[in-house]
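Working notes, beginning with the structure itself.
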Amino acid sequence: MLKAVNQVKLDQKRVILRAGFDVPLKQTKEKEHFVVADDSRVKDALPTINYLIDSKSKIVIIAHLGRPEGKWDLSKSLWPVADDLARLLNRKAVRVSSKLPNYNLPHVYFLESDITQKDYSSLTKKLKPGDILFLENLRFYPGEEQNDDGFAKTLSSFGEIYVNDAFSVAHRKAASTHGLTLKLKSYAGISLMKEITALSKILKNPAEPMVVVMGGAKISDKIDTINNLAKRAEKVLVGGIIANAFIKAKGYDIGASKVAEVDLAKELLRNYGDKIVLPTDLVVAKNPEEHSRVATLDKILPYESIFDIGPKTVTKFSKIIESAKTLVWNGPMGKFEVAKYSFGSKALAQAFASRSKGPAFGVVGGGETLEAIEMAKVGEFIDHLSTGGGAMLEFLSGKKLPAIKALEN
């Protein structure tokens, strides 16, 4: 049975919070340092952090950023995230290496030091209630992704209670998501519980009809999810690079477009052919910089590539979305980061949000999909924006995520 942190009394305990702070960074104009480019994941953790602050906990935040593969790569330091969190909490972030300064007001203390070289856990006992100690990138340590028991023991020395609020890595069996649950009393964070509640609604009792929108690059990343949701869905709308495989599987020439996993597309068409809806027109060009045009499936030239769904497809998909009572979307409809190929994703975002604001329950997940929602400025109208792309897909495939299973146990 999963227990949420806001169901227990913490009594000024030292609490280790696993946060999902794998956020994009950008360099400042002067290129002097990195700052957070999108802090939506940081904001997503605020309900749990504020609960811990109100409970007068001594908070230790652990998280990862990027894929440094067990090496100290300061371009992937979590310092910009700690600084951004401090700003959101109206605090000051301070770098520390071996001892804490004595400030009267609560701070965010960023520990730059390697916690495997020396025992720094005594710093937590010097924290004042409501203070935050923020540790450096977990993936600087090989033991994190190896789910090493020794590294989990090192992490556990920083607290008495463990809280996981990082749904984005709930599908990973790491020291910070699994090993720690074997060392300390463990609870789910408020954001993690919100994710589980929203996604469980899709699996257990979706209002019908359900419409699923799938885009992005690889069918293999989504096939288990499509298989599971297609059993319940009225329609599965397909766009993005994965649509190329379905179009080719139908016998059309897709020119120079990227394509892979056509056999998987054929398998899905055999099983759910009456439910899978493909684009009828597409935006094509010789390359992204060249002049683009709209072409039907049978009019794509050998040297052209597909970069977006066309206007007739947008209309067709939007009408299907308008009939839905449950909506799920993962993966953009094209190369949306280029303005002239963003129309399909943005138009679908508007249709999706309009229906979600009304009678349908709508869930969107995946980093690029959330970017498209942000571009269309419709996020506030969608019932649930999931912080996890891979984790959301795995959850909706019906699998039990390792980090959630560990919390239940």
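The values are calculated or read from the model by the stated rules, or taken from the named source; none is laboratory data. Fair warning: this is a prediction, and the values are worked out from it, not measured in the lab. Neighbour counts run over all protein chains shown; Cβ positions are idealised from the backbone, glycine included.
Values computed for the structure shown
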read-out	value
Selection within the range 279-291 - crowded, with 21+ Cβ neighbours inside 10 Å and assigned to a loop (DSSP other than H, G, I, E, B)	Pro279
Residue within the range 219-240 that is in a helix (DSSP H, G or I), touching a Phe, Trp or Tyr at 6+ places or on another chain (Cβ under 7 Å) and in contact (Cβ under 8 Å) with a residue 12 or more places away in the chain present	yes
Some residue of the range 192-212 being among the hydroxyl-bearing types (Ser, Thr, Tyr) and within 27 Å of Lys325 (Cβ to Cβ)	yes
Failed condition for Ala351, given (1) in a helix (DSSP H, G or I); (2) among the hydrophobic types (A, V, I, L, M, F, W, C); (3) in contact (Cβ under 8 Å) with a residue 40 or more places away in the chain; (4) under 16 Å from Met375 (Cβ atoms)	(3)
In the range 6-22, the residues that are of a type in the set (A, V, I, L, M) and modelled with pLDDT of 95 or more	Val15, Ile16, Leu17, Ala19
Number of positions in the range 304-337 that are among the β-branched types (Val, Ile, Thr) and part of a helix (DSSP H, G or I)	5
When residues of the range 148-182 are limited to those that are part of a strand (DSSP E or B) and crowded, with 24+ Cβ neighbours inside 10 Å, the one nearest to the chain's Cα centre (by Cα)	Asn164
Qualifying residue in the range 348-365 (condition: in contact with a Pro (Cβ under 8 Å, 6 or more places away or on another chain) and more than 19 Å from Val277 (Cβ to Cβ))	yes
Failed criterion for Ala37 (all others in (1) in contact with a Lys or Arg (Cβ under 6 Å, 6 or more places away or on another chain); (2) within 22 Å of Ser168 (Cα to Cα); (3) buried (at least 22 other Cβ atoms within 10 Å of the Cβ) hold)	(3)
Filter result for Phe395 (assigned to a helix (DSSP H, G or I), at pLDDT 95 or above, under 21 Å from Asn205 (Cβ atoms) and not aliphatic (A, V, I, L, M))	yes
Out of Ile61, Ile132, Ile115, sole residue that is under 22 Å from the mean Cα position of the chain (by Cα) and under 30 Å from Asp11 (Cβ atoms)	Ile61
Counted residues, the range 71-96 - those being polar (S, T, N, Q) and assigned to a helix (DSSP H, G or I)	1
